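> Shown below is the structure under consideration.
The values are calculated or read from the model by the stated rules, or taken from the named source; none is laboratory data. Everything numeric here is computed off the predicted structure, so don't read it as measured data. Cβ atoms come from the backbone with ideal geometry, glycine included; neighbour counts cover every protein chain shown. Note: accessible area is taken over every heavy atom of the protein model, side chains too, but ligands, DNA and RNA are not part of it. Shrake-Rupley method; radii C 1.70, N 1.55, O 1.52, S 1.80 Å.
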Amino acid sequence: MKKYIMALDQGTTSSRCILFTKDGETVSMVQREFPQIFPKEGWVEHDPLTIWSTQISVATEALYKIGSSWDEVYGIGITNQRETTIVWDKATGEPVYNAIVWQCRRTADYCKSLEDSGYSNLIKEKTGLLIDPYFSATKIKWILDNVEGARAKAERGELAFGTVDTWLIWKLTGGAVHATDYSNASRTMLYNISELKWDTELLKIMNIPYSMLPEVKPSSSIFGYTDKSLIGASVAIGGVAGDQQAALFGQCCFNEGELKNTYGTGAFLLMNTGNTPRITNNGLLTTIAWGLDGKVYYALEGSVFTCGAAIQWLRDGMKLIESAQDSEYYASKVKDSGGVMVVPAFSGLGAPWWDPYARGIIIGITRATNKYHIIRATLESMAFQTADVIDLMERTLGRKITELKVDGGASANNLLMAFQSDILGVNIERPSCVETTALGAAYLAGLALGVYSSVEDIKENRKVEKIFSPKNDEEWRKNKKSVWRRAVERSLLWQE
Ligand code: ADP
């Protein structure tokens, strides 16, 4: 008897497996961290074989933990750290190099040269992305240019490229399937998101052979079946999506205009924009949300570089708090930040400011300022930065948002959520299952496997744990935002 949908959540620091019931309830979860490899300043790698071994072991343990077996699994949904690049030998399955992680900046010079050659608009129009080392394309090129013999092999058609989802599908199917989904393809900087195909012009510019690329499939579809010799069962892989897109799906943002914010180390805001891509030139990314039922859904994405990381800084750098959770207790000891603003521009500012030279400031300090004001102002900065990105989305789309769905570690902070609601002037909805990334992957798989008949079925599962409503008026909001803007202006162009 089938009972569970298995979500494999392959993240940047750990591999996790969650078993969900049809109702979206978590019945088992196992997580394993793996080593981060830093060969040089600004370089980040993972061992692809460790990614695989941790992922398959948490999968089997999650079943073992509740005395279940593969026979009880409807199928598998995969969600993954995005953009991270793996290249392997099609014949042996051996990676030719470590996985180059999304955070890795090693291709910054090459990206600069693409910009200098005037490719920014072309790349934006075709892929919806900005030229940046973040995306997979220049990482693939780096491997071909720097690993001995790799380019010759790739040109002979002997190498495969994949993002982490593709690597896991390959391993799970015993090398039978080389595929990815629309959402992951849209993060490579090689995929034409309007024409839905690998872009031969971009491949030529970056000198990447077409034969390396995976087949691109709808996010909710049968990708293949697990190799029986691996786990003793042939289980369908029915859903695949990059982590932020999966979270958007897990939050049931199925309709145009619905959006979610994930408050993690950084913050990721994604808004479903329906079936046509909206290419903008204001620092927001256009990306594929998912492919489902023969249609492709797009999203606008904006990110805040330093979100929960600012709370880590209060804890580890400033030693003002002992744990991230403490921030709420201390911040609630004062009625407001006492005019203090913290702009956590630790590594510059993203949308809508786009200033890599901005640096963090604490401003508005008086003799009456104490540590609680600074803690509170740091929490509030997470809400202000989110509001700035939403503001940009609203201006881009020409309409106001009506509510915001939240998840991620820092969404547990009630004071932050209440302030966020106040600053935006809309309701904030926190679901009872905050594992929205894994849930989204499970839902995508469940739809392909017939566990659910439509997204309406899935919506019935959604349980809201808490709604935060605005308490202050528009005048208050305007005032606060204007003080924030003045503080941000003073943080800009600091680093020489
Ligand atoms: P990631 O997936 O990026 O590692 P998580 O979603 O696990 O992030 O969230 C962890 C981040 O959230 C950390 O940066 C931490 O400082 C912050 N955080 C966790 N709990 C709280 C809290 N109660 N209040 C404020 N920040 C928090």
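> Report, by residue number, each residue of segment 130-166 that is farther than 12 Å from E83 by Cα and open to solvent by less than 10 Å² (accessible area, probe 1.4 Å).
I143, L144, A150, A154, L159, A160
> Also, I was wondering about something else. Just checking, does segment 25-32 include any residue being in a loop (DSSP other than H, G, I, E, B) and either surrounded by fewer than 24 Cβ atoms within 10 Å (Cβ to Cβ) or not hydrophobic (A, V, I, L, M, F, W, C) (or both)?
yes
> So, in segment 398-435, how many residues would count as being open to solvent by 20 Å² or more (accessible area, probe 1.4 Å), acidic (D, E) and more than 14 Å from the ligand (Cβ to nearest atom)?
Count: 2.
> Here is a list: K217, K141, K228. Which entry is closer than 25 Å to P277 by Cα and charged (D, E, K, R)?
K217
> Just one of L259, L270 is closer than 28 Å to S421 by Cα, under 14 Å from the mean Cα position of the chain (by Cα) and touching a residue at least 60 places away in the same chain (Cβ under 8 Å); which is it?
From the options L259, L270, the qualifying one is L259.
> Which of the residues belonging to segment 62-105 are closer than 20 Å to V177 by Cα, part of a loop (DSSP other than H, G, I, E, B), open to solvent by 30 Å² or more (accessible area, probe 1.4 Å) and in contact (Cβ under 8 Å) with a residue 24 or more places away in the chain?
Once the filter is applied, which keeps residues that are closer than 20 Å to V177 by Cα, part of a loop (DSSP other than H, G, I, E, B), open to solvent by 30 Å² or more (accessible area, probe 1.4 Å) and in contact (Cβ under 8 Å) with a residue 24 or more places away in the chain, segment 62-105 yields K90, A91, V96.
> Next up: Can you confirm whether segment 469-492 contains a residue that is open to solvent by 90 Å² or more (accessible area, probe 1.4 Å), aliphatic (A, V, I, L, M) and touching a residue at least 40 places away in the same chain (Cβ under 8 Å)?
No, segment 469-492 contains no residue that is open to solvent by 90 Å² or more (accessible area, probe 1.4 Å), aliphatic (A, V, I, L, M) and touching a residue at least 40 places away in the same chain (Cβ under 8 Å).
> Something else about it: I'd like the full set of residues that are of a type in the set (F, W, Y) and within 22 Å of V235 (Cβ to Cβ), limited to segment 6-44.
F20
> Oh, and also: Kindly indicate whether any position in segment 40-61 is more than 16 Å from the ligand (Cβ to nearest atom), modelled with pLDDT under 95, among the aliphatic types (A, V, I, L, M) and surrounded by fewer than 23 Cβ atoms within 10 Å (Cβ to Cβ).
The answer is no, given that none of the residues of segment 40-61 is more than 16 Å from the ligand (Cβ to nearest atom), modelled with pLDDT under 95, among the aliphatic types (A, V, I, L, M) and surrounded by fewer than 23 Cβ atoms within 10 Å (Cβ to Cβ).
> Does G317 fit the bill of being over 21 Å from the mean Cα position of the chain (by Cα) and within 16 Å of the ligand (Cβ to nearest atom)?
yes
> Filter segment 257-297 down to residues that are in a strand (DSSP E or B) and open to solvent by less than 10 Å² (accessible area, probe 1.4 Å), then give me how many there are.
So the count comes out to 17.
> Quick test of your reading of the structure: T369 fulfils all but one of (1) assigned to a loop (DSSP other than H, G, I, E, B); (2) of a type in the set (S, T, N, Q); (3) within 16 Å of the ligand (Cβ to nearest atom). Name the failing condition by number.
(3)
> Has segment 287-301 got at least one residue that is within 16 Å of the ligand (Cβ to nearest atom) and within 24 Å of the chain's Cα centre (by Cα)?
Taking every residue of segment 287-301 in turn, at least one turns out to be within 16 Å of the ligand (Cβ to nearest atom) and within 24 Å of the chain's Cα centre (by Cα).
> In segment 216-256, which residue that is open to solvent by 10 Å² or more (accessible area, probe 1.4 Å) and within 15 Å of the ligand (Cβ to nearest atom) is farthest from T306 (Cα to Cα)?
Once the filter is applied, the top-ranked residue is D243.
> Out of (1) modelled with pLDDT of 95 or more; (2) farther than 23 Å from I237 by Cα; (3) outside any helix (DSSP H, G or I); (4) over 18 Å from the mean Cα position of the chain (by Cα), what's the single condition that is false for I205?
(3)
> Identify all residues within segment 321-347 that are among the acidic types (D, E) and within 16 Å of the ligand (Cβ to nearest atom); write none if there are none.
Listed by number, the residues that qualify are E322, D326, E328.
> Test of understanding: among S117, S136, which residue is in contact with an Asp or Glu (Cβ under 6 Å, 6 or more places away or on another chain) and without any contact (Cβ under 8 Å) to a residue 60 or more places away in the chain?
After applying the criteria, what remains is S136.
> So the check is Cβ under 8 Å with 6+ separation or different chains; which pairs have a first residue in segment 9-32 that's closer than 19 Å to Q251 by Cβ and more than 16 Å from the ligand (Cβ to nearest atom) and a second one that's in a strand (DSSP E or B) and hydroxyl-bearing (S, T, Y)?
F20/Y4; F20/T26; T21/Y4
> Further question: Looking at Q312 and the list (1) surrounded by fewer than 20 Cβ atoms within 10 Å (Cβ to Cβ); (2) of a type outside the set (D, E); (3) near the ligand (Cβ under 9 Å from one of its atoms); (4) closer than 30 Å to G398 by Cα, which single condition is not satisfied?
Q312 satisfies every listed condition except (4).
> Tell me which residues, restricted to segment 186-198, are assigned to a loop (DSSP other than H, G, I, E, B) and open to solvent by 10 Å² or more (accessible area, probe 1.4 Å).
Those that are assigned to a loop (DSSP other than H, G, I, E, B) and open to solvent by 10 Å² or more (accessible area, probe 1.4 Å): S194, E195, L196.
> Let me ask you something else. Mind counting the residues in segment 348-366 that are over 31 Å from the mean Cα position of the chain (by Cα) and within 16 Å of the ligand (Cβ to nearest atom)?
Here the count works out to 0.
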